[in-house]
Amino acid sequence: MVLIKNVVIAGLGDDKQDILLSDGKIKSIGKSLEQDSIEEVVEADGLVAFPGIVDLNVRIQDDSLNITNLQNLYTATKKGGVSHFVLSPRTKPLIENQTFKALLAGKLKEDFPNLELAIKALKNIECTKLNSIATMVKNGISIVQENSDINGNLLRRIYEYSKMHQNLFFVFCENKILNDSGVMNEGEVSFKLGLPGISKIGEISEVAKVAQMSMHYDVPTLFQALSTRRAVNLVADAKKRFNQLYAEVSIHHLALDERACDGFNTYAKINPPLRNSQDKDELIEKLKEGKIDTLTALHSPKSVVYKDVAFCEAMYGIDIIEDYLSLCYTYLVKEGHISWSKLSELISKNPAKILNKKSIGAIKEGFDANIILFDPSIGYEVKRKTSPYVGKTLYGKIIRHFFAN
């Protein structure tokens, strides 16, 4: 047993409480707890207890699927306080062979119990054939992921199969034709740098289409990494008629804007692109209005060899998950935009609910013992040159974490 003493629990006021952990569960929460057979007492005065983070949109190093990269990713997520995450299926090799899927699913459950596997709905790079959703279900994989701008008939069939097998559908909304080879947000900075821009209408129009299909087929759908106010509003409006629609936004679209790409900074090249400052402020307003359901670190690390090149040739991606909670605290809680309680909903409770995980996402008696001890008084300068936050001061540090698995 582990007893955490005198800690403030995020979202439960400023009173200090004790938390007793036993056999991977939260056994008791209260003041001045006493218990025999305590193996360790952790004095947490001045710290905040935060539930383990759940991130629904995580990618592997260079999208290269191998055991080493999986182990490195797992280590990084743990350091960042992420107790559970969904691994994006956009990998090389693609997970499309039925035998490979079965073996991989078994291996992941054995070695990485807190990882959820999503499968691309289309089984080949050419995006012309459906993956075997029925086989996927037999292997215990319940999340289908795909881009919105695929062949419309294939998208319809994905919805039909998802409804049949009661899958979650994770969709990234973009229109590559409308993007017209753009590499960053279409705006002042792209014009100044002479770079082709990505219009907001590509995201907005695709969200409108997918929202209608989601409502028609009654399929729970997560709209991944939205970057515009109108897209978030479209999901919120559709949710009034079908409440299992969820809007996800990355922390970076709430903390940064397109100016981070100035000077051809490829480390700020992410997808969807960072928008302008007005778009950022509008998304923060949507957050305050409760129209954003969950946040993501949008973790998609790329090696320097894929980043230290011309902007047009650089890969999209950001390596940031170890700073995720500090970013959320610095730009959202410390700035007064949302409370600790709201943050715990956005990055723990709500994503756990979307995954239908009933024993994670909150600090409650009987829940899994997934707890982060966070010190909000510590400030540190980001010194990694590969981070778009280099030179900025972030606040708060994870001092320790306890995870059930």
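Rule-based calculations on the coordinates, nothing more; no lab input. Quantities reported herein were computed from a predicted structural model and do not represent experimental measurements. As a convention, Cβ positions derive from the backbone with ideal geometry for all residues, glycine included, and neighbour counts pool all protein chains shown.
In sequence order, segment 293-308 has phi-based couplings of 8, 8, 10, 9, 6, 6, 5, 8, x, 10, 5, 4, 5, 9, 10, 7 Hz under the Karplus curve 6.51 cos²θ - 1.76 cosθ + 1.60, θ = phi - 60°, and Gly or Pro positions carry x.
For GLU116, the residues 5 or more places off, or on other chains, whose built amide H falls under 5 Å of its own are PHE85, VAL86, LEU87.
For the ranges 235-245, 298-308, what's the packing order if you count other beta-carbon atoms within 10 Å of each residue, average per peptide, and put the highest first?
298-308, 235-245
Could you give the Stokes-Einstein D for segment 51-364 in µm² per second, using the C-alpha Kirkwood radius, 4 °C, 1.567 mPa s?
Working: Rh = 19.6 Å.
Approximately 66 µm²/s, per Stokes-Einstein.
Here the Karplus relation 6.51 cos²θ - 1.76 cosθ + 1.60, evaluated at θ = phi - 60°, turns the backbone of segment 330-335 into coupling constants of 5, 8, 10, 7, 4, 6 Hz, with x for every Gly and Pro.
Looking at segment 23-52, which GluC sites (Glu not before Pro) are DSSP coil and have at most 11 other C-beta atoms within 10 Å of their C-beta? Mind showing how you got there, number by number?
Details: sites: GLU34, GLU39, GLU40, GLU43; in loops: GLU34, GLU39.
Passing both the DSSP loop test and the Cβ count: GLU34, GLU39.
Charge dipole (Cα centre; +1 on Lys/Arg Cβ, -1 on Asp/Glu Cβ; no other charges) of the chain amounts to roughly 840 debye. With springs connecting C-alpha atoms under 10 Å apart, model the chain as a Gaussian network and identify which of VAL48, VAL144, VAL382 has the largest mean-square fluctuation. Comparing VAL48, VAL144, VAL382 in a Gaussian network model of the chain, the most mobile one is VAL382.
Quick one: dipole size for segment 30-93, taken about the Cα centre, charges +1 on Lys/Arg Cβ and -1 on Asp/Glu Cβ, in debye to the nearest 20.
For segment 30-93, the charge dipole is close to 600 debye.
What ranking do MET136, MET213, MET1, MET184 get, fewest neighbouring Cβ atoms within 10 angstrom at the top? All intermediate terms of the calculation are to be shown ahead of the outcome.
Numbers: MET136 25, MET213 18, MET1 15, MET184 28.
Listing MET136, MET213, MET1, MET184 from fewest to most nearby Cβ atoms yields MET1, MET213, MET136, MET184.
Measuring r between the beta carbons of ASP36 and ASP218 and using R0 = 60 Å, the FRET efficiency lands at 0.70. From its DSSP helices (H runs of at least four residues, each -39,500 (n - 2.57)), the chain gives a residue-normalised ellipticity at 222 nm of -8000 deg cm²/dmol.
A simple spin-label model places the labels of LYS5 and LYS129 6.4 nm from each other, with each point 7 Å out along Cα-to-Cβ. When the chain is described by a simple charge dipole with +1 on each Lys and Arg Cβ and -1 on each Asp and Glu Cβ, the residue from ILE371, SER142, TYR74 located farthest towards its positive end is SER142.
With neighbour counts taken as other beta-carbon atoms within 10 Å, the residues THR386, THR266 rank, fewest first, as THR386, THR266.
Near the amide H of ILE9, within less than 5 Å, lie the amide hydrogens of GLN17, ALA49, all on another chain or at least 5 residues away, with H placed in the peptide plane. Evaluated with a Cβ-only charge set (Lys, Arg +1; Asp, Glu -1), segment 310-405 carries a dipole of roughly 180 debye about its Cα centre, given to the nearest 20.
Each residue of segment 390-398 is assigned a 3J(HN,Hα), and the resulting list reads 4, x, 8, 9, 9, 10, x, 9, 6 Hz, derived from the Karplus form 6.51 cos²θ - 1.76 cosθ + 1.60 (θ = phi - 60°), x at Gly and Pro.
Annotation: the residues ILE67, ILE29, sorted from fewest to most other C-beta atoms within 10 Å of their own C-beta, follow the order ILE67, ILE29. For the peptides 57-66, 8-17, the ranking by mean Cβ contacts within 10 Å, running from highest to lowest, is 57-66, 8-17.
Of all DSSP-defined beta bridges confined to the chain, some 40% are antiparallel rather than parallel. Taking amide hydrogens as placed 1.01 Å from N in the peptide plane, the amide H of ILE399 sits under 5 Å from those of LEU373, PHE374, ASP375, each at least 5 positions away in sequence or on another chain.
Ranking GLY30, ALA49, SER88 by Cα position along the charge dipole of the chain, where only Lys, Arg, Asp and Glu carry charges on their C-beta atoms, puts SER88 farthest toward the positive end.
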